[in-house]
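Notes follow once the structure below has been shown.
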Amino acid sequence: MPPASPIATIRAAHTTDLPAITAIYAHHVLHGCASFEIDPPSTEDMTRRMDALRARDYPYLVAEQDGALIGYAYAGPYHPRVAYRDTVEDSIYLAPEAAGRGVGTALLGALIAECTARGYRQMMALVGDSANTPSIRLHQRHGFRTVGTLQSVGYKHGRWLDVVLLQRALGSGDRTPPRQALNPKDPDMPRPPPATATLPGLDLQSCMRDRVLGPGAMLLAGRARATATELVALIEAIARSAPFRRMSTPGGRMMSVAMTNCGALGWVSDSRGYRYMSRDPLTDLPWPAIPAAFASLAGQAAAEAGYPDFMPDACLINRYEPGTRLTLHQDRNEHDFSQPIVSVSLGLPARFLWGGLARTDPVQRIPLDHGDIAVWGGATRLAHHGIHPLAEGTNALTGRTRLNLTFRRAA
Ligand code: SIN
Ligand code: FE2
């Protein structure tokens, strides 16, 4: 199955987009309650607003289809006082004909990724009008929680309007101190470029499929697409010295998925159990090292999902052919369950079985496409997961196979 058909292209806004942005916004100001402005601002006003945001490196994105601008989204400061400097507020407006087509989801997914990459820690949404369920649901789908309702704080179109306040954490949220601004006292100073300034793999088009899988767990769609060719070549090189092999379970069943490893430790299974070994039992040589391109991708994905400083020492490489599967299991042979799992999908699409902490918990089937990265940790670190039997297909890069890299901190 090809990836979801591109409904729109998401890209950074240019000043040439301002007339279209001004027109979309004017429609909402005149006819809607999401904006509490009453008089539509001019293109010059909108230009000043965009310039002010971009001077401080806040992301400003547009959705475009067939050359027409059909929506835009930006993040700005939630509040001007300095201590709020790590918190942003999002704004999303769609052309009326673009509503209900996933454009808002795409824009919000991309905006969250851009803000996370810049090191912001909380995103607030102030949704005008508690009857605006499409906007509230859009935010909930992206992991926002309603934290309050300000009652009747606006009056427009002849009625009192509530504001619904929603919030979600970005990156490591409040679990680590913020990154330092150049001048921490001055929120107007641009920040130093973050470690992951623009995620090289950040795929604005795919971000629409991003989703929160559970507490501490995220699907980061398409993040490995940009480097996939290199990743597959590196896997082939690894497999030349540590060949793919089918391992058997401690109970004596042969696993259908072929596996190999790179890293200081490699995961193995045989009659003696599941464990990590520093040498490949086939060759008695140390496993090949984790290539730098693997480590940086895993680190960036972990950081985007809220786990900064993830440094994998083990990378299990799985190779699936149509019909092969991985039954529901937990990853529990690692020492430190505070470290996440980062799982990169390449080649043929699959359905990820995503269950709960108990084996009998309901299991969702999440589509995983070429380039998708799933990250889980925290409260879902020991969630049961697996891969549904792979459907027949061919992929331009990997042929009749799906490759998966599972990064872990094992020691
Ligand atoms: C795993 O559970 O180790 C791999 C899952 C996958 O192939 O996506
Ligand atoms: Fe696993």
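No lab work stands behind these numbers, since they all come straight from the coordinates. Nothing here was measured: the structure is a model prediction, and the numbers come from that model. Glycine gets a Cβ as well: all are built from the backbone with ideal geometry, and neighbour counts include every protein chain shown.
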Given charges of +1 on the Cβ of Lys and Arg and -1 on the Cβ of Asp and Glu, with all other atoms neutral, how large is the dipole of the stretch 9-204 about its Cα centre, in debye to the nearest 20? 700
The local net charge around Pro215, scoring Lys/Arg +1 and Asp/Glu -1 for residues other than Pro215 whose Cβ lies under 15 Å from its Cβ, equals +3
Please give the net charge around Arg402, taking every other residue with its beta carbon less than 14 angstrom from that of Arg402, where Lys and Arg add +1 and Asp and Glu add -1. 0
Cβ under 12 Å from Ala68's Cβ, Ala68 left aside: what net charge do those residues give with Lys, Arg +1 and Asp, Glu -1? -4
Sparse-neighbourhood loop sites, trypsin sites (Lys or Arg not before Pro) in the stretch 357-411 - DSSP loop, at most 14 other Cβ within 10 angstrom: Arg359, Arg400
Compute the convex hull volume of the Cα atoms of the stretch 9-204, divide it by the residue count, and report the result per residue in Å³ as a whole number. 123
³J(HN,Hα) across the stretch 256-267 via Karplus (A = 6.51, B = -1.76, C = 1.60, θ = phi - 60°), whole Hz, x for Gly/Pro? 7, 7, 8, 9, 8, 9, 9, x, 4, 10, x, 7
Under a point-charge model restricted to the Cβ atoms of Lys and Arg (+1) and Asp and Glu (-1), what is the dipole moment magnitude of the stretch 225-408 relative to its Cα centre, in debye to the nearest 20? 580
Contact order normalised by length for the chain, with contacts defined as Cα pairs under 8 Å and 6 or more residues apart; what percent is it? 13
For the stretch 5-46 and the stretch 131-163, what is the centre-to-centre distance using only Cα atoms, to the nearest Å? 19
Please state the shape class of the stretch 225-408: rounded when a/c is under 1.5, otherwise prolate if a/b exceeds b/c and oblate if not, all from the C-alpha gyration tensor. rounded
With contacts defined as alpha carbon pairs under 8 Å and 6 or more residues apart, what's the relative contact order of the stretch 1-116 in percent? 26
Would you mind finding the longest exposed-site-free stretch of the chain, with exposed GluC sites (Glu not before Pro) meaning DSSP loop and at most 15 other Cβ atoms within 10 Å? 38-391
Given the chain, report the % of alpha carbon pairs whose separation exceeds 42 Å. 19
Looks like the stretch 311-411, by Cα gyration tensor root eigenvalues a ≥ b ≥ c and the a/c under 1.5 rounded cutoff (else prolate when a/b is bigger than b/c, oblate otherwise), is oblate
Put a dot 7 Å past each Cα toward the Cβ at Glu321 and Phe337; how far apart are the dots in nm? 3.7
Counting other beta carbons within 10 Å of each residue's own, what order do Ser256, Ser248, Ser343 fall into, fewest first? Ser248, Ser256, Ser343
Per-residue Cβ neighbour rank within 10 angstrom, fewest leading, Asp372, Asp361, Asp17, Asp39: Asp39, Asp361, Asp17, Asp372
